[in-house]
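Enquirer: This structure is in C-alpha cells; I'll ask about it shortly.
Coordinate-derived values only; no laboratory data. Since this is a predicted model, take the numbers as computed values, not measurements. In this analysis, Cβ positions are derived from the backbone assuming ideal geometry, glycine residues included, and neighbour counts consider all displayed protein chains.
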Amino acid sequence: MSHPLVDQILSGKASEAVKKAASRGALPIPREDQIELWACLRNDPDQEIKMQCRQNLAEVSFEEWRSLLKEHTFRKEFFDFVAKVLSRDERLAILALRNRSISAFTVEEMALNASSSLIDAILDGQAKLLECPGIIVSLLQNPNLTTSQGRRIFDISEQFFRNHPTIPRLIEEKLGLKIEIVEARFIPEPEKEPETEKKEEVAAKEELEEAVTEEIPETAEVIERKEEEAVFPKEAFKEELLQEEVKNLYQKILKMSVPKKVELALKGNKEARSILIRDSNKVVQEAVINSPKVTEQEIESIAKMRNLPDELLRKIAMSNEWMRKYNVVKALASNPKTPLPIALSLIQRFTDFDLKFLMKDKNVSEALRKEAKRLYEVRHTAKKMDFKKH
C-alpha cells in the first residue's frame, strides 16, 4: 500500500510546493515510495519536476532496483516506467515479470520488443498469458521470436485461443502453422421419458428440503471453497492423500480438458502435480514447473525423470532459483535425457564423491563420464601439488 502522501500527490490533491519537494526527495516517506513517486512524476508537465525525477531515477543502483522489484507491491502507473525504461535492462525486466503486482497490459507492451531470453520469461508466466491473450499477439509481432518459442506459442494457442479473432491468423502468417478453428455447435438435449422426469423431480425436492434444514450461514471462504470444488476434485487441494484418493484423483484428471489441467497444475497440490507432469501435453507439463506451489523436492524428482521432453529439462536448467539447489543440479546432470552441453556445465559443481559416482554410471553418456574423470583428476592433481609445497 502506498504512503498517503503519494496518493495525495498523484491524485492532484497536494500543492505544487509539496510536489516539488517530492521530486527533490525531501518528503518524510519511505525510500520505496519515493522511487515509485519519481517514476510516476517523470513526465510531469512542470519541466523542473520532470527533470529532477528523471535524474533521481538514473541514480538508483541496480542492487536497489533488484531489491525493490522482488518485494515491493507497486501501483499500476509505475509499470509504465518498467515497460518503457527498466525493461531495457534484461535482468531488471525479468525481475519485474516476477513481481505479483505487474499488470498484464505492461507485459503485453514489453512483449513487443523483448529479447529472446525475455520472451522465454514471458512465456513461463502462463497465468498472465491466459488472462491476457494480447501478450500472445504482441509476441507474434516481435522480430526476436525464435522457432522454438513460436512452437510454444502454437501449443498454447491451439489449446486456449483457437477461436481468438487474431491469434490463429497471426500464427499462420508468422509461423506457417495452421490452427483449426472449432465452431460451436448446438446439440439438443435428448428428450426425457416421463418416468425419468418424475424421479428427477423427487430427487430435486429431497435435495431442496435437505438444504433448507441446514441453518448454518456460509462465509465468503466457504463459498469460495465450494466454487473451487465445483471445478476441481476436492482431493486436488488436500496436501496429503491416501492411496485410494490418489487413484480417484487420477481418474478425474483423465477426464479433464487441457485448460482445466493447466489451471489445476498451477493451483493444485503435490499429488495433482505428480500426475500432471506425466501428461502427454507439454503445456500441462510446463504449468507444473511454473506452479508457484512447486517445491525443491518436486523439481528434483522431475529433473530425474527420463521420459520428459528436452525442453522441460532445459527450462529447469535455465531457472536461477532451481540452479542454486545442489540436489536439483545433481539430478539434472545425471539424467541421460538432459542435453549434453547442459550436463557438462553442471558437473563442474559436483563434489568429489558425486564425480566418482558419475565416472562409473553406465546410464549417462561416455562423454560425460570422461569429463567427470578429467575433472576429478584435475582437482586431485592440484591438491597433491599444494601438499608438496608445504
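Enquirer: Cβ under 13 Å from residue 258's Cβ, residue 258 left aside: what net charge do those residues give with Lys, Arg +1 and Asp, Glu -1?
Expert: Working: positive: 162, 255, 260, 261, 282; negative: 155, 158, 263, 279, 286.
So the environment of residue 258 carries a net charge of 0.
Enquirer: Between beta-carbons, use under 15 Å as the cut-off and find the net charge around residue 115, counting Lys and Arg +1, Asp and Glu -1. All intermediate terms of the calculation are to be shown ahead of the outcome.
Expert: Values: positive: 88, 91; negative: 89, 90, 109, 120, 124.
Within the 15 Å Cβ shell, the charges total -3.
Enquirer: Related question: Taking the highest mean first, how do the peptides 127-134, 252-259, 151-158 order by number of other beta carbon atoms within 10 angstrom per residue?
Expert: 151-158, 127-134, 252-259
Enquirer: If you average the alpha carbon positions of the stretch 308-332 and of the stretch 25-81, how far apart do those two centres end up, in angstrom?
Expert: Here the two parts' Cα centres lie 35 Å apart.
Enquirer: I've got another one for you. Say R0 is 35 Å: what FRET efficiency, to the nearest 0.05, do residue 374 and residue 71 get from their beta-carbon distance?
Expert: Details: r = 43 Å, r/R0 = 1.22.
In this case the efficiency is close to 0.25.
Enquirer: Taking a cut-off of 14 Å, what percent of all Cα-Cα pairs in the stretch 83-124 are separated by more than that? Each step should come with its number before you reach the end.
Expert: Numbers: 280 of 861 pairs.
Cα-Cα pairs of the stretch 83-124 separated by over 14 Å account for 33 percent.
Enquirer: What distance in nm separates the simple spin-label points at residue 151 and residue 116, each placed 7 Å from Cα in the Cβ direction?
Expert: 1.4
Enquirer: Past the 28 Å Cα-Cα mark, which pairs from 70/267; 270/337; 178/337?
Expert: Working: 70/267 22 Å; 270/337 24 Å; 178/337 30 Å.
Cα-Cα > 28 Å for 178/337; rest within.
Enquirer: A further question on this structure: With a point put 7 Å past each Cα toward its Cβ, work out how far residue 318 is from residue 365 in nm, to one decimal.
Expert: About 2.0 nm separates the two model spin labels.
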